[in-house]
Amino acid sequence: MTPRQITTAFKRLQKNTPTPTTELNYQSEFELLISVMLSAQATDVSVNLATKKLFAVANTPQSIKDLGVTKIKRYIKTIGLFNTKANNIIKTCMLLLAKHNGQVPQTREQLEALPGVGRKTANVILNTAFGQPTIAVDTHIFRVSNRTGIAPGKNVLEVETALLNSVPDRFKKDAHHWLILHGRYTCIARKPKCAECMLSDICDTAHRYH
């Protein structure tokens, strides 16, 4: 896509969904952090089902730490990699209590120092919890960015860098959510719904799927 087409694309996405947000259910920055940690290789629906029960019992670093690994596993056992995630959650809670007064830190460096928190998770927290114009690249965003030509790249970091360079500043705060939603419901993996896509006339590859 050309810079003008990219601007057009985000104008359309914005008009369609003026106030996009995550589909994860949360009531605090800490709940969002735990939900995003659980969402790796899992659907938002499955995470929401698990956290609804977990957060009703424990939803602070101290209360989850007190719950312990074994009990946490009972709540998240339906989610992929639950053993590793349970251990990381407990370690993260301990670190939040020891170094951050039980609060979720607001810098990338501090977030990525938490067990189980990588660049993508940190970007989601910085963007969704704290309103920073970061763009976390998941499988949906990677696919949409390459297919449409908005931000082609061979790997996640290349796509993230390309998005930060190509997305106009006024759209950066919400770009992450718009692209995820577009990839989740329209530009789907196996057979994208180009016939009903609002970007098909400016997309680099839509013609391949007609």
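The values are calculated or read from the model by the stated rules, or taken from the named source; none is laboratory data. All values reported here derive from a predicted model rather than from experimental measurement. For neighbour counting, all protein chains shown are included, and Cβ atoms are generated from backbone atoms with ideal geometry for every residue, glycine included. Ligands, DNA and RNA are excluded from the accessible area calculation, which covers all protein heavy atoms including side chains. Shrake-Rupley method; radii C 1.70, N 1.55, O 1.52, S 1.80 Å.
Overview of values
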read-out	value
Every residue from region 50-73 that is surrounded by 15 or more Cβ atoms within 10 Å (Cβ to Cβ), under 22 Å from THR128 (Cβ atoms) and not small (Gly, Ala, Ser)	THR51, LEU54, PHE55, ASN59, THR60, PRO61, ILE64
Helices (runs of 4 or more DSSP H) enclosed by region 27-86 - at least 3 residues per element that are touching a helix residue (DSSP H, G or I) at 6+ places or on another chain (Cβ under 7 Å) and under 21 Å from ASN101 (Cβ atoms)	29-39, 61-76
Scan of region 86-119 for residues that are over 19 Å from the mean Cα position of the chain (by Cα) and not polar (S, T, N, Q), ordered by number	ALA86, ILE90, LYS91, CYS93, MET94, LEU95, LEU96, LEU97, ALA98, LYS99, HIS100, GLY102
Counted residues, region 74-111 - those being at positive phi and open to solvent by less than 60 Å² (accessible area, probe 1.4 Å)	1
Positions within region 112-134 being open to solvent by 60 Å² or more (accessible area, probe 1.4 Å) and under 19 Å from ASP44 (Cα atoms), in sequence order	ARG119, LYS120
Matching residues, region 181-210, being open to solvent by 10 Å² or more (accessible area, probe 1.4 Å), hydrophobic (A, V, I, L, M, F, W, C) and either closer than 17 Å to LYS11 by Cα or in contact (Cβ under 8 Å) with a residue 24 or more places away in the chain (or both)	LEU181, CYS187, ALA189, CYS197, MET198, ILE202, CYS203
Among the candidates GLY102, GLY80, residue that is touching a Ser or Thr at 6+ places or on another chain (Cβ under 9 Å) and at pLDDT below 95	GLY80
Some residue of region 167-179 being of a type in the set (Gly, Ala, Ser) and open to solvent by 10 Å² or more (accessible area, probe 1.4 Å)	no
Top-ranked residue in region 157-166 [being surrounded by 17 or more Cβ atoms within 10 Å (Cβ to Cβ) and not small (Gly, Ala, Ser); ranked as nearest to the chain's Cα centre (by Cα)]	GLU160
Residues that are within 23 Å of LYS99 (Cβ to Cβ) and in a helix (DSSP H, G or I), drawn from region 112-166	GLU112, ARG119, LYS120, THR121, ALA122, ASN123, VAL124, ILE125, LEU126, ASN127, THR128, ALA129
Odd one out for ARG108 among (1) in contact with an Asp or Glu (Cβ under 7 Å, 6 or more places away or on another chain); (2) within 24 Å of VAL144 (Cβ to Cβ)	(1)
Pairs, first within 15 Å of THR148 (Cβ to Cβ) in region 162-180, second among the acidic types (Asp, Glu), C-beta under 7 Å, six or more apart	ILE180/ASP138
Qualifying residue in region 141-154 (condition: surrounded by fewer than 19 Cβ atoms within 10 Å (Cβ to Cβ) and of a type in the set (Phe, Trp, Tyr))	no
